[in-house]
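Any read-out appearing in this document is the output of simple, stated calculations on the displayed coordinates, not a laboratory observation. Since this is a predicted model, take the numbers as computed values, not measurements. Note that each Cβ is placed from the backbone with ideal geometry, even for glycine, and that neighbours are counted across all protein chains shown.
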Amino acid sequence: MTEAPSSQAALADIEEGLTFRPKFDAAGLVTCVATDAASGDVLMVAHMNDEALRKTIETGQAWYYSRSRKALWRKGESSGHVQRVVEMRMDCDQDAVWIRVEQSGGGACHTGRRSCFYRAVTGDAGSAKLVFVDADKVFDPSKVYR
């Protein structure tokens with residue numbers, strides 16, 4: 001994958017062309033949103049470095065880069081809850097990835113839930129709080145992550 005040139009023509013190619021030129025941030029990452037291919041539900045948001053993006057394309061399984069562990073990881077390598085990529089899309093300026101996946105094992109979240117988005121924000125700006133929604137656990141994390 002090549003670094004995006006800075007000219008107007010290159011910008012037009014990035015936004016309107018068919019050249020794959022992911023734009024990594026200063027840390028070498030692009031944001032990736034994973035959704036359930038069948039329902040459209042957002043399962044998780046993670047990051048990919050160049051290697052994770054390449055491995056995802058090559059293997060058809062979701063690979064990510066953990067900012068906290070500073071390590072590459074394949075979704076499901078610990079839990080068995082693999083994400084098979086059905087489709088991958090890039091946003092308009094190629095700095096974000098969207099993958100539609102088939103999630104095996106029922107859960108994408110390390111907390112044991114189907115989705116990482118299991119709390120809703122309620123209230124106003126001065127008194128915002130979280131409430132659980134769709135928060136049932138589909139697996140026991142203590143049994144999956146040892």
Yeah, region 73-136 with a ≥ b ≥ c from its alpha-carbon gyration tensor (a/c under 1.5 is rounded, else prolate when a/b outruns b/c, oblate otherwise) is oblate
In whole percent, the Cα-Cα distances of the chain spread across 10 Å bins from 0 upward as 11, 36, 31, 17, 5, 0
Dividing the helical contributions, -39500 (n - 2.57) per DSSP H run of n ≥ 4, by the residues of the chain yields a 222 nm value, nearest 500 deg cm²/dmol, of -4000 deg cm²/dmol
Magnitude of the Cβ-charge dipole (Lys and Arg +1, Asp and Glu -1) of the chain about the Cα centre, nearest 20 debye, reported as 860 debye
In nanometres, the difference between 0.36 nm per residue of separation and the alpha-carbon distance of Ala12 and Ser39 is 6.4 nm
For region 1-77, the Cα gyration tensor yields equivalent-ellipsoid semi-axes (√(5λ), largest first, whole Å) of 25, 16, 11
Packing-ranked peptide list from 19-32, 104-117, highest mean Cβ count within 10 angstrom first, is 104-117, 19-32
Filtered hits (lysines, Cα-Cα < 19 Å from Lys143, offset >= 8 within chain) -> Lys75
Filtered hits (aspartates and glutamates, Cα-Cα < 15 Å from Lys55, offset >= 8 within chain) -> Glu77, Glu87
For the chain, averaging the sequence separation of alpha carbon pairs under 8 Å that lie six or more residues apart and dividing by its residue count, the contact order in percent is 19 percent
Burial-style ranking of 53-65, 121-133, average other-beta-carbon count within 10 Å with highest first, yields 53-65, 121-133
Per the beta carbon screen (other Cys under 4.7 Å), unpartnered cysteines of the chain come out as Cys32, Cys92
